[in-house]
Amino acid sequence: MLNRNILTLDEFTIQQLRLFPHATGELSRLLRDIGLAVKRINVEVNKAGLVDILGAYGSENIQGEQVMKLDVFANNQLTGVLRHGISCAGIGSEEMDDVVIFDDEVSNQSKYVVLFDPLDGSSNIDVNVSIGTIFSVYRRISPIGTPCVREDFIQPGTKQVAAGYVIYGSSTMLVYATRRGVNGFTLDPSIGEFCLSHPDMKCPQQGKIYSVNHGNFFRFEEGVRQYITACQEKDSRNGGPYTQRYIGSMVSDIHRNLIKGGIFLYPGTDSKPGGKLRLLYECNPFAFIIEVAGGRATNGKQRVLDIIPAELHQRAPFFAGSSEMMAELHGFLGVV
Ligand code: AHM
Ligand code: MG
């Protein structure tokens, strides 16, 4: 018997619509399209370990088709599904140099543009470690009825309408946030649907986990080093030492910290002051999700969501997580 208390992603977004009689349902359709694309990506991610049997990337498979790299496959799926849908005017992807403006009669009527990192942490694929997809939705500023423009994509993170991620882990989950809250859905493989499993997610105010690439320790600025050292000290505020956990796949690292409480750090280094993570594809969506869940996200100086982006692929140092841990970090960085 199907448990009728469990809502699917579609049912959930339709229920949300009922709360807003004037809503058009465009965002719900957009989320459904993203849900479809990531289910297809999930199938391929699950087969990744068979690559030697199915044919190496770049080679021809038994049907005479080119075997595509997974990140290229993921990028194509998201782009294709959003292009064919009716709720998206264009996309920007970490995988592509420039934005793609759909410019057809239907797409030009859509009010949203989507930015995504189709497969984040892809260096982990070969070793069967969890990877993810990250997305961010903005209302376009160009007039409806015309093709969208580059400026629609280069908006500050505060303008996000929704943001989310998918984690291809021991189970596959889609988590998305709107200003109303953060909700997590787990893919039930028996019916191929995302089912609401983590309603109204909140990031605990305090946590005991810190996640950082320790190998870069001596390249971080003084304040960050002092904070990391404090995390290791026995008398750290929350009954330290804290636990260090770092998968190297930000979707997994932040997902864990969001549920258990913790802090994620990807600081700038002496040679790369901007850090590694991309503002529009990685930092902003997670900053939005974490803030809606009650946590905080900064670049060590200011709120990530307030940064006015200058270009599509710019990077930003990124610190995010439980509000009290963030306050502790900011104490070391001299930020109020
Ligand atoms: P990618 O977009 O090339 O996959 O890189 C992003 C990933 C994040 O998921 C992760 O937090 C970070 O790179 C890890 O970087 P590092 O190996 O430098 O610690
Ligand atoms: Mg990435």
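Each reported figure results from applying straightforward, stated rules to the coordinates on display, with no laboratory input. Just so it is clear, the model here is predicted, and its values are computed rather than measured. Cβ: placed from backbone, ideal geometry, glycine included. Neighbour counts: every protein chain shown.
For the reader, a short list of remarks on this structure follows.
- Among GLY300, PRO285, ALA327 the positive-end extreme of the charge dipole of the stretch 209-333 (Cβ point charges): PRO285
- Peptides 218-224, 257-263, 308-314, 177-183 ordered by average Cβ neighbours within 10 Å, highest first: 257-263, 177-183, 218-224, 308-314
- Taking other C-beta atoms within 10 angstrom as a stand-in for reagent exposure, ASP10, ASP117 fall in the order ASP10, ASP117, fewest first.
- For the stretch 9-200, a/c is not less than 1.5, where a ≥ b ≥ c are the root eigenvalues of the C-alpha gyration tensor, and a/b does not top b/c. That puts it in the oblate class.
- Distance between the stretch 260-336 and the stretch 190-205 - C-alpha centres, whole angstrom: 24 Å
- Paramagnetic reach from LYS272 in the stretch 205-236 [backbone N under 17 Å; point 7 Å along Cα→Cβ]: 212-221
- Rounded to the nearest 20 debye, the dipole magnitude of the chain is 1020 debye, with +1 charges on Lys and Arg beta carbons, -1 on Asp and Glu beta carbons, and the Cα centre as origin.
- In terms of surrounding Cβ atoms within a 10 Å radius of their Cβ, ILE14, ILE209, ILE254 rank from fewest to most as ILE14, ILE209, ILE254.
- Global geometry of the stretch 208-256, whether rounded, prolate or oblate, following the gyration tensor of its Cα atoms and the 1.5 cut on a/c: oblate
- Taking every C-alpha pair closer than 8 Å and separated by at least 6 residues, the mean separation divided by the residue count of the chain gives a relative contact order of 15 percent.
- Pairwise Cα distances in the stretch 209-333 exceed 23 Å in 23 percent of cases.
- Ranked packing of 101-111, 159-169, 292-302, most packed first, by mean Cβ within 10 Å: 159-169, 292-302, 101-111
- Rule-of-thumb Rg ratio for the chain [Cα; 2.2 N^0.38 Å; N residues]: 1.00
- Using a cut-off of 19 Å between Cα atoms, the listed pairs LYS260/LYS301; LYS39/LYS276; LYS202/LYS260; LYS159/LYS260 include LYS260/LYS301; LYS39/LYS276; LYS159/LYS260 as exceeding that distance.
- Residues LEU7, LEU174, ranked from the fewest to the most other C-beta atoms within 10 Å, line up as LEU7, LEU174.
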